[in-house]
Structures are given as structure tokens and as C-alpha cells.
Amino acid sequence: MRPYTLVNVGYRSTNFYVIGSGRTRLLVDLGWMGMLGAMRTELQRKGIGLTEITHGFATHYHLDHAGLAQELKASGMLLIITPEQLSAAPVMKQWAKPQDNYVDVVLDDAQTRVVELSASRAFLAGLGIDGELIHTPGHSDDSISLLLDDGCVFTGDLTHPALVEEKDVEVVTRSWKTLRDKGATTIYPGHGPVRPIGT
Ligand SMILES: [Zn+2]
């Protein structure tokens, strides 16, 4: 696997990760709605300029994970979205109150690229990142994990096996099994610390 850098620029109990390879800066999860200033500050604290973010991907379209998608695009980020997520993104705005200052995400502009899961490995390789996008429903139907070839996996809010509700057990268990079968070893969740898979 090609080397990469990994920086957590999270705030407000949510993790946002920057994966760096060459000139690529891929942001995994796209900030809290209305808090671009906090995102810029956290990036700066880690020595990354907002406009250095070349690509961005949301594990799922909830307002604490994809809330700055449109504003980050305006700063030059190319939004990577999978077909599984296309219907979820426009729904986000219905959860935002006017005082949240949420900017609705637009999907038909030049700063958006729809990437099929089956094409994700090749797409990421073009960015210098060895890994793939995997559908891992359970927390939401549009939940997608980014699994790197070294076993690190960015799972967003995929429910911890110990916290899953009865009605979701089957789908959540299947998603974790999919990740393990594909070689996942270390979980980088949307909230909380990094942990080994299976704990
Ligand atoms: Zn969520």
C-alpha cells in the first residue's frame, strides 16, 4: 500500500479525517452544518489550508457528517458521492432549522462526481489512495465505508455491535461481516476513538 498521512480535524464530538497522498487531501466526512469556521480552524491547527482539500466524501448524509458539503465545494473540493447516497443528500435540509445556516447540497454541478462502488478502487487509486468504498447499511441506508488496503476503515456511524437495536441486528451484523471479510482491522468511527474491529 502506498504511504499516506492521516489527520483528524474533528470538532463537536465528531471525527473528520484528512487522508493525504501526494497532493491529494481527501476529507472523510464533511463537517457540521453551518460551522465552516470551526472546520477551517481545526484544519489550520493541523497545518492544512481549507483550499488544500481536493476531495471529500461523506460516510452518510446526516447534518453532522455532511453538513458542509456544499460550502467545501465552493472552496474547491470535489465531492465524491455514490449512487446509494444520491437520494439521501437532498433530504438533509429538512432536518436543518433556519438558525443552523445549512447550505443545501447541489448534486448536478461540476464539483460533484458520482462514483459507483465497483469503480471506487480505480478512482481512489487515481488519487494515490489504495482502498475502496463499501456499502455498509445499518445506521442509515446510504452509509458507505472507506476501507483502505492496510485494514483501516472509516465507518461513519455504523452501529457498534454492542449497541445495535433488535430490528437492525441483521443488517448491521452483515455490514460488519462484509468489512471483516474484506480485511478491515482498525475502525476509525465518526464518533469516539479508533478501535480494533471486533471490540
Ligand atoms: Zn448519522
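Suppose we filter the range 57-84 for residues that are assigned to a loop (DSSP other than H, G, I, E, B) and either more than 16 Å from the ligand (Cβ to nearest atom) or surrounded by fewer than 21 Cβ atoms within 10 Å (Cβ to Cβ) (or both); how many remain? Here the count works out to 6.
Scanning the range 1-25 for residues that are farther than 16 Å from Thr41 by Cα and among the charged types (D, E, K, R) turns up Arg2, Arg23, Arg25. Inside the range 103-145, residues that are within 16 Å of the ligand (Cβ to nearest atom) and among the polar types (S, T, N, Q) make up a count of 4.
Please go through the range 165-199 and pick out each residue that is hydroxyl-bearing (Ser, Thr, Tyr) and within 16 Å of the ligand (Cβ to nearest atom). Across the range 165-199, the qualifying residues are Ser175, Tyr188. Of the residues in the range 112-130, at least one is β-branched (Val, Ile, Thr), closer than 26 Å to Ser75 by Cβ and surrounded by fewer than 16 Cβ atoms within 10 Å (Cβ to Cβ). For Leu133, state whether it is surrounded by 14 or more Cβ atoms within 10 Å (Cβ to Cβ), without any contact (Cβ under 8 Å) to a residue 40 or more places away in the chain and under 14 Å from the mean Cα position of the chain (by Cα). Answer is no for this residue.
Condition check: part of a helix (DSSP H, G or I) and over 24 Å from Leu50 (Cα atoms). Does Ser87 satisfy that? Criteria not met by Ser87. Considering the range 38-56, and only residues there that are aliphatic (A, V, I, L, M) and under 18 Å from Ile19 (Cα atoms), the residue that is surrounded by the fewest Cβ atoms within 10 Å (Cβ to Cβ) turns out to be Leu50. Residue pairs whose Cβ atoms lie under 8 Å apart, separated by 6 or more positions or on different chains, with the first residue in the range 181-199 and within 16 Å of Leu6 (Cβ to Cβ) and in a strand (DSSP E or B) and the second of a type in the set (D, E, K, R) and away from the ligand (no atom under 16 Å from the Cβ), are Thr186/Arg195; Ile187/Arg195; Pro189/Arg195.
Read-outs throughout are calculated quantities, based only on the coordinates presented, and are distinct from any laboratory measurement. In this text, all values refer to a predicted model and were calculated from it rather than measured experimentally. All Cβ positions, even for glycine, are placed from backbone atoms using ideal geometry, and neighbour counts span all protein chains on display.
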